[in-house]
Amino acid sequence: MSSNKGEHQKVPLSVLLKRELANEKIERPEIVSGQANQSKKGEDFTLIKSECQRVLGDGVTTYSVFGVLDGHNGSAAAIYTKENLLNNVLGAIPPDLNRDEWIAVLPRALVAGFVKTDKDFQEKGQLSGTTVTFVIIEGFVVTVASVGDSRCILESTDGSLYYLSADHRFEDNEEETARVTASGGEVGRLNTGGGTQIGPLRCWPGGLCLSRSIGDLDVGEFIVPVPYVKQVKLSSAGGRLIIASDGVWDALSAEAALECCRGMLPDAAAAQVVKEAVQPKGLRDDTTCMVVDILPADKTNPPVPHPKKMTKGVLKVKGIFRKKSSGSTSQIEDEYLEPDVVEEMVEEGSAMLSERLDTKYPLCNMFKLFTCAVCQVEMKPGEGISVHAGSSNVRNSRPWDGPFLCVSCQEKREAMEGKNHSRNGRYSSGSE
């Protein structure tokens, strides 16, 4: 009789994941990207990491990362964020998750990663700041996290347009203006004397026209790094992403950006978008564009949308997301979804950490209870402070269940919510 009878054979996680992929028949798209830039101040940066591995060495569980960072008041914040944000996001993802779990925890991990990056950079005492539009593609699932006014749009193969980021300009966002004002900030235009006001709405102190960013130590803590997050699932037909800084979007509409580069390969497409943006008035700001094509594995040509029916001479360009059905399995959805449907899985925009870090069962069980939900430092039982402590929107949450923050991150949270006016603001002539 074998002495190993009754013992379980240990199977490497990489083997299990390969079996998972084989069993679920997960189709892997071809990801092709290109970028272009014309520089005025040298404060725009991009991030491209393809074929990243969820499990090191298995060669199967891959994802890709793309980012556009538009710095202001110097480039230090953009450079630091480019070098550290991805590691901070990955550090907030629990180990040993399967694919569906990994995708499900990404929105919370992105929030934690953005806040940690901001907190760590501010501790360096530098004053610059940056917008961030950060894209993670896993299979046909696209997750976008954004602060500031860089933007990410998607065109599906049926020609529908989807906005995957949110603009955090005071000029265009009354909700953010109300939040910052309620937290102790003052929002108004630059006063030149004699009652004359000019330029866009800005937050004072500091003079920043954005309500969310990373960095900006000389502006109030109510300018928060908590990102807007949207997660969508494309059909197997794929689509095209355009990720660009405001140098593009101040000159071109989303429709114009897509139209001017249709049918081009990503490198040429990105260059054409930048050219179109700069041409009318010349180079007035750093202008950066990334084009990412998500293609079926057997195709290498850019996605060209199918012709759409005209309604009163106007081509339909804004798509409507199909909401995720909580009662159906991914296999059923893959089998029965219309060919070009884009399914909305997650959309979260609140600036409150008590809402963004809270996770419901079963996701909550994937995170360590006595680890700071932001900086991932280990804490002893009783050391952590509930993310719901002092929150006015407790709902049905149970603070003793967490998630918990360390003292330092709790102070950060209180400052962001206007409960701790810790900064003495100064006007920043280099603000956005």
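The values are calculated or read from the model by the stated rules, or taken from the named source; none is laboratory data. Because the structure is a prediction, the values reported are computed rather than measured. All Cβ positions, glycine included, derive from the backbone under ideal geometry; neighbour counts span all protein chains shown. Ligands, DNA and RNA are excluded from the accessible area calculation, which covers all protein heavy atoms including side chains. Shrake-Rupley method; radii C 1.70, N 1.55, O 1.52, S 1.80 Å.
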task: Kindly provide log₁₀ I(q)/I(0) values, in the same order as q = 0.25, 0.26 Å⁻¹, from the Debye equation applied to equal alpha-carbon scatterers of segment 218-257.
output: -0.98, -0.99
- prompt: Assuming R0 = 41 Å, what is the FRET efficiency of residue 364 and residue 196, from their Cβ-Cβ distance, to the nearest 0.05?
  reply: 0.15
query: Using modelled amide H (1.01 Å from N, peptide plane; none on Pro or chain starts), what sits under 5 Å from the amide H of residue 30, excluding residues fewer than 5 places away?
result: 295, 297
- request: Using R₀ = 25 Å, calculate the FRET efficiency as 1/(1 + (r/R₀)^6) where r is the Cβ-Cβ separation of residue 250 and residue 377; round to 0.05.
  value: 0.05
message: Can you give me the long-range amide H partners of residue 190? Hydrogens built in the peptide plane at 1.01 Å from N, cutoff under 5 Å, separation of 5 or more residues or another chain.
response: 198
- prompt: Which entries in 49/124; 380/412; 40/82; 233/419 show an alpha-carbon gap greater than 29 Å?
  reply: 233/419
query: Considering segment 66-217, what Rg and Dmax in Å follow from its alpha-carbon atoms?
result: 17.4, 63
field: Rounded, prolate or oblate (a/c below 1.5 giving rounded, otherwise prolate when a/b exceeds b/c) for segment 218-290 by Cα gyration tensor
entry: oblate
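Which value in Å does the Kirkwood hydrodynamic radius of segment 149-188 take, with 1/r averaged over all unlike C-alpha pairs and then inverted?
Details: mean 1/r = 0.0832 Å⁻¹.
Averaging 1/r across every pair of different Cα atoms and inverting gives 12.0 Å.
Quick check: residue separation of residue 174 and residue 262 times 0.36 nm, minus the Cα distance between them. What number comes out in nm?
Gain in length upon complete extension: 28.3 nm.
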- prompt: Along segment 72-89, what does the Karplus equation 6.51 cos²θ - 1.76 cosθ + 1.60 (θ = phi - 60°) give for ³J(HN,Hα), rounded to whole Hz, x for Gly and Pro?
  reply: 8, 6, x, 9, 4, 5, 5, 5, 4, 5, 4, 7, 10, 4, 4, 4, 5, 5
Spin-label model distance (nm) - residue 283 vs residue 347, 7 Å beyond Cα toward Cβ: 3.7 nm
message: From the protein chains alone at 1.4 Å, what is the descending order of accessible area for 211, 350, largest first?
response: 350, 211
query: Taking a label point 7 Å from the Cα of residue 40 along the Cα→Cβ vector, which residues of segment 204-240 have an amide N closer than 14 Å to it?
result: none
Summed side-chain charge close to residue 147 - residues other than residue 147 whose Cβ falls under 10 Å, Lys, Arg +1, Asp, Glu -1: -1
- line: Note: segment 174-269, point scatterers on Cα, Debye, no solvent; log10 I/I(0) at q = 0.12, 0.18 Å⁻¹ equals -0.62, -0.97
- request: First select every other residue whose beta carbon is under 11 angstrom from the beta carbon of residue 230; then total the charges, Lys and Arg +1, Asp and Glu -1.
  value: -3
